[in-house]
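For reference, the structure discussed in these notes is given below.
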Amino acid sequence: MNNAWTQEYTRILLLIAGGLLIGLMTGYWVVAVLLPCSAYIGWTLVQLRAFERWIRRGAKAESAPNANGIWALIVQHVYRSQKRDTQHKNRLKQLLRRFESTISALPYATITLNEQQEIVWVNSAAAATLGVNKYIDEGQRIDNLVRKPELQNVINSADASTSIQMVSPVDNNIVLMVTCVTFGDNQKLITAKDISQILAVQKLRKAFISNASHELRTPLTVISGYLEMMSTDSQLPKGMGVLVDNAHEQSLRMVSILDDLLSLSKLVEKEALYSKDSGEPVDMIAIIDKLLIDHSQTGDHSQTGDSYTLESSLNAPIQIKGVETELYSLCENLISNAIKYSPPGSVVKIDWTVNAQGWAGLQVIDCGEGIAEEEIPRLTERFYRVNTVRDREVSGTGLGLSIVKHILENHGGYLDIQSELGRGSTFTAYFPVYRLL
């Protein structure tokens, strides 16, 4: 770099010296000034023209102009910059090829759309499930190729990432889980996963649970009845009474589990039938009052049973638009659980609350041992029971909170659980605003 500028400065000094010499020898100072300036400008124009021609022809190394001085330095800088750009482009091309090969290897259909919903890139799996060919359909609008309103709805959704289930346009026996993610400048990444087998397995499992529960309930009821008769038989051998009573208790528990499984199976099957307009007005106060009576000796809102106290401060009329039998089951499970896991002599409170979003909720507060924070998310799983001393002392099916969860989901609500070890638990069943009457 220094040598190039030194050459340029030397060239300029020589032209100045030549001009001074011409002026001293001839006395024509105008000519003495114009002549070296014209020579330098002419030489610069020649170099500039050669440089422009080289750039125009692609700035290839083999055709670089034979320049020196500052122009040789400029040519060198351009060549190095071009070399770096070429290397960068090659790295990007390799990265793009690896990305495309990775995405192409995915078993899910993957499509990239630009802002105009035109297909920019598509993998080969899209042909089998969406009918989009990677070789002929790039550049086409997705709605011209896949005429499914649900797909268009998920593409136009305001959510950054949304997903839907839809039947494949290629095969009606294929059900797809389609996900659309927005990225970049309003571009879309669509993935479609074949979930037909998963849905078939789920359907088979539901049918098995429902059929098995239904078929087992009758023989278990008969067995339970015979065991009850045996326990009251005066001719029963001494020492057999305890064994028969235990067997009878376990048979009743099995019947209870089967009843809950049947209820849960029906709730799952009816899940798709619910809408914002479904259901009839249900008097929640009447349901809670009945449960209070069932769990105590009198009908007051503060009752003392054998080992617990039920307190309710519900006075104003409360009506929910829903299915009465399901709402009764929801209240029964929440109150029964609170009673089971509360120590003798404790108080179970029943209240009605409203959150910041205006959702109303039935709140049941117990004074039990509490639940560890890491176990709270699993409470609504089927057959999951917290491993506590109190839990080992009480009987239950482990399905109550799962039933509550599905009832709330069918009604558009959710279950909120707040608990702390040693300080009891609060279960709140929230209902959306459109369910309130």
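The values are calculated or read from the model by the stated rules, or taken from the named source; none is laboratory data. These numbers come from a predicted model, not from an experiment. Neighbour counts run over all protein chains shown; Cβ positions are idealised from the backbone, glycine included.
Here are the numbers for this structure:
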read-out: Filter pass, I111 being at pLDDT below 80 and within 30 Å of R141 (Cα to Cα); value: no
read-out: Count of residues meeting criterion [over 18 Å from T44 (Cα atoms) and loosely packed, with under 14 Cβ neighbours inside 10 Å] in the stretch 5-22; value: 2
read-out: Where a residue in the stretch 123-146 is more than 22 Å from N173 (Cβ to Cβ) and its partner, wherever it lies, is assigned to a strand (DSSP E or B) and aromatic (F, W, Y), with Cβ under 9 Å and at least six apart; value: K134/W121; E138/W121
read-out: Subset of the stretch 168-196 [out of contact with any strand residue (DSSP E or B) (no Cβ under 8 Å at 6 or more places or on another chain), without any contact (Cβ under 8 Å) to a residue 40 or more places away in the chain and surrounded by 15 or more Cβ atoms within 10 Å (Cβ to Cβ)]; value: P169
read-out: From the options M284, M230, M254, M240, residue that is more than 30 Å from E215 (Cβ to Cβ) and outside the structural domain of I164 (by TED's automatic domain parsing); value: M284
read-out: Residue in the stretch 153-198 that is farthest from the chain's Cα centre (by Cα), counting only those that are farther than 24 Å from S124 by Cβ and among the aliphatic types (A, V, I, L, M); value: A158
read-out: Lone unmet requirement of (1) touching a residue at least 60 places away in the same chain (Cβ under 8 Å); (2) surrounded by 17 or more Cβ atoms within 10 Å (Cβ to Cβ); (3) more than 21 Å from E280 (Cα to Cα) for Q357; value: (2)
read-out: Residue check for A64: under 59 Å from the mean Cα position of the chain (by Cα) and surrounded by 15 or more Cβ atoms within 10 Å (Cβ to Cβ); value: yes
read-out: Helices (runs of 4 or more DSSP H) lying entirely in the stretch 57-167 (those with 3 or more residues that are under 30 Å from Q47 (Cα atoms)); value: 70-105
read-out: Selection within the stretch 388-416 - of a type in the set (D, E, K, R) and either modelled with pLDDT of 85 or more or closer than 30 Å to R435 by Cβ (or both); value: K405, E409, D416
read-out: L199 touching a helix residue (DSSP H, G or I) at 6+ places or on another chain (Cβ under 9 Å) and either surrounded by 15 or more Cβ atoms within 10 Å (Cβ to Cβ) or not small (G, A, S) (or both); value: no
